[in-house]
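Report on one structure; see the data block that follows.
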Amino acid sequence: MSSEKPTTVAAVDAEALEREALAAVARAATADKLDEARVRYLGRRSELKLALREVRDRESGAALNALRDRLEHAVEDKQAELAAAAGAETEPFDPTLPGAEIPRGALHLITQLRRRIEDVFVGMGYEVYDGREVETVWHNFDALNQPEAHPTRDPQDTFYVDDQTLLRTHTSPSQIHAMMAKEPPIYLVSLGRCYRRDPIDPTHTPIFHQVEGLAVDRNITLADLRGTIEQFASAIFGGRRQVRMRTGFFPFTEPSVEFDLTCYMCDGAGCPVCKRSGWIEMGGAGEVDPNVFVNVGYDPEAWQGFAFGLGLDRIAASRHGVPDLRMFWENDIRVLEQF
Ligand code: PHE
């Protein structure tokens, strides 16, 4: 058998054949040309196939089979390459088509409003002070001069964690934390979530948001409060808003007021938004009660201050025509994406 080996190998110069076949495959610019090359080098009557048929020894057979495998792979690769190029040709890239839209999220309306309000007060030299959502009964009520018999202390109205701990019912305890932590002058706003056991309806949710403001300095009067709120409201609602104060009562302010703003829709003329009154109720405020100063260790003869609190959710709802506060919580994209 070994005497036949040189004959078989001599019958085909495997190396030269491979070089020639690979070059032909690489040159083929169309599917037809590639097929020509395939028939010529791998077809039934090709030099390689004939040589394989003649092979008598295992070594040459293995070498020629390996060569055939390499050539077949080269043809397949070239076929794939030509097919891809053809595909790209039938669907040319059109740079004028609109691109695939990448959906972009946005901040919740309440968060947007909260940040705008913070910006406005920072612009007036105020600090943004973070309060706590879980409070002691003392910070939430006693320190704020709110006596044990006050209705908001009723467990019916408040989420108690235990006897001495509750979810804050307003942002006013932030005043206490700030005044105990630092000396006057103080100019701060504190914004965040508050909790009350209000049954859920279009104008009440048990979680809601407030903006608290506190200024403590020498000779602070209600006129400073009015000017501050007018400035803030004009920045948030646009135009020139005016403030109206009505007498009110809060245990931690004396005197206390409830304040309204001229309607941002009709500028005071009367419209459905302000129920034809020209005014929109905003919140509560007043001069800091001297008892509160005593509770935090300030001398009430030396310092005066004002404080105010208002609800963010209702501002957001009326400003954007959201008819039901529950919509802020339902996470319906169709609602949220409008803001
Ligand atoms: N904390 C009061 C409330 O929740 C609002 C308020 C804040 C009133 C500061 C006066 C001063 O209704």
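The values are calculated or read from the model by the stated rules, or taken from the named source; none is laboratory data. It should be emphasised that the depicted structure is a prediction, and the values quoted were computed from it without experimental measurement. Using ideal geometry, Cβ is built from the backbone for each residue, glycine included, and neighbour counts are taken over all protein chains shown. Keep in mind that these areas ignore ligands, DNA and RNA; they rest on the heavy atoms of the full protein, side chains included. Shrake-Rupley method; radii C 1.70, N 1.55, O 1.52, S 1.80 Å.
All conditions but one from (1) crowded, with 17+ Cβ neighbours inside 10 Å; (2) of a type in the set (Lys, Arg); (3) in contact with an Asp or Glu (Cβ under 9 Å, 6 or more places away or on another chain) apply to Arg246; the one that does not is (1).
Please work out if Ala74 is surrounded by 18 or more Cβ atoms within 10 Å (Cβ to Cβ) and over 16 Å from Asp13 (Cβ atoms). Taking the combined requirement at face value, the residue satisfies it. Among the numbered conditions (1) open to solvent by less than 10 Å² (accessible area, probe 1.4 Å); (2) within 16 Å of the ligand (Cβ to nearest atom); (3) without any contact (Cβ under 8 Å) to a residue 24 or more places away in the chain, the only one that Gly286 does not meet is (3).
Within the stretch 207-222, being within 12 Å of the ligand (Cβ to nearest atom), of a type in the set (A, V, I, L, M, F, W, C) and closer than 11 Å to Tyr187 by Cα holds for Leu214, Ala215.
When the stretch 198-231 is examined, which residues are found to be of a type in the set (Gly, Ala, Ser) and open to solvent by 60 Å² or more (accessible area, probe 1.4 Å)? Answer for the stretch 198-231, where residues must be of a type in the set (Gly, Ala, Ser) and open to solvent by 60 Å² or more (accessible area, probe 1.4 Å): just Ala223.
One residue is enough: does the stretch 317-334 have a residue meeting the conditions on the phi > 0 side of the Ramachandran plot and not in a helix (DSSP H, G or I)? Checking the stretch 317-334: at least one residue is on the phi > 0 side of the Ramachandran plot and not in a helix (DSSP H, G or I). Scanning the stretch 181-197 for residues that are open to solvent by 20 Å² or more (accessible area, probe 1.4 Å) and either within 12 Å of the ligand (Cβ to nearest atom) or in a strand (DSSP E or B) (or both) yields Tyr187, Arg193, Tyr195, Arg196.
Among the residues of the stretch 241-268, those that are hydroxyl-bearing (Ser, Thr, Tyr) and free of Cβ contacts under 8 Å to residues at least 24 places away in the same chain comprise Thr247, Thr262.
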